Amino acid sequence: MAMGRRKKRVRQEGLWTPTAALPVSASHPFYRRLNQILDEKKFDEYVEAICEQFYADECGRPGLSPGIYFRLLMVGYFEGIDSERGIAWRASDSLSIRSFVRVALDESVPDHSTISRTRRLMDVETHQAVFQWVLQILAEKKLLKGTTIGVDATTLEANAALRSIVRRDTGEKYEEFLTRLAKESGIETPMREQLAAFATLNDGLLDLNGFLDVYEIKGGKVRWRANVPSNVTADRINALDGKTIESKPEGTSIGNAAEIEYLASGEGKKK
């Protein structure tokens, strides 16, 4: 057999490539079977239903589909990927992962910042509910056999009765995986009570014809900043557990104690 040479392969790429000519890889058997089960159990419909509360009815461009988002997290957890940036890279590089996540070849894989912001929308309890639902289905379909399962030579230890799964190599639980992703991205996954408090705050701001400017969780502290009309009284600001940051004729900037501390430290700039 003659040796192939790089020079003979240099050519100008065609302007159009028919779909039939696109490369197709052999699907990973675990992910292929997992997707078959998820489709049978209407996984996408399930996660869209329980995540509907976290999305606006009609506001801005469509967000990342919950089905794609949770599949990306599954890839990260099953393969021990350390960050959302790494998950995005893995999905971009692998045709079989693209097929599992349901991202077409002519579509861009979600950016790591999109994954982070989507995780920030949903509380920890919803993440746990989805993961437990998937684990229960895998146990019923016997995709989890015995106490261990191998994915790309990575061994996972599972206990379906407890609806939990632990990585044998690191001993990491799913909640710890979420925490690690949060630490890497700098955006923590909120708890349900934190999101409930945020929803109450947002309702209060809407009553004042105001709007939220910044909302995030760092180091367990929920900090927020908002803008309200200049005629809003101090009593109404106090009712939101807020303090005045800056007053201008066009409006008043307010925030909570964590935001005041943030600005006082010099990390944030007043608006």
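What the Cβ-Cβ distance of D39 and E176 gives, at R0 = 45 Å and to the nearest 0.05, is a FRET efficiency of 0.95. Around the amide H of K218, modelled in the peptide plane, lie the amide H atoms of R223, all under 5 Å away and 5 or more residues distant in sequence or on another chain. Out of every Cα pair in the range 192-264, what percent are spaced more than 17 Å from each other? Tail fraction, whole percent: 36. Treating r as the C-beta distance of L206 and E267 and R0 as 22 Å, the FRET efficiency rounds to 0.20.
Taken along the Cα-to-beta-carbon direction at a fixed 7 Å, the label points for D213 and L95 span 5.1 nm. Computed from label points 7 Å out along Cα-Cβ, the spacing between Q53 and K142 is 3.8 nm.
With respect to the cross-link table entries K173/K221; K141/K173; K41/K221, which display a Cα-Cα separation exceeding 29 Å? Among K173/K221; K141/K173; K41/K221, the Cα-Cα distance tops 29 Å for K41/K221.
Computed from the coordinates by the stated procedures, all read-outs in this text should not be read as laboratory data. These numbers come from a predicted model, not from an experiment. So basically every Cβ, Gly included, is an ideal-geometry build from the backbone, and we count neighbours across all protein chains shown.
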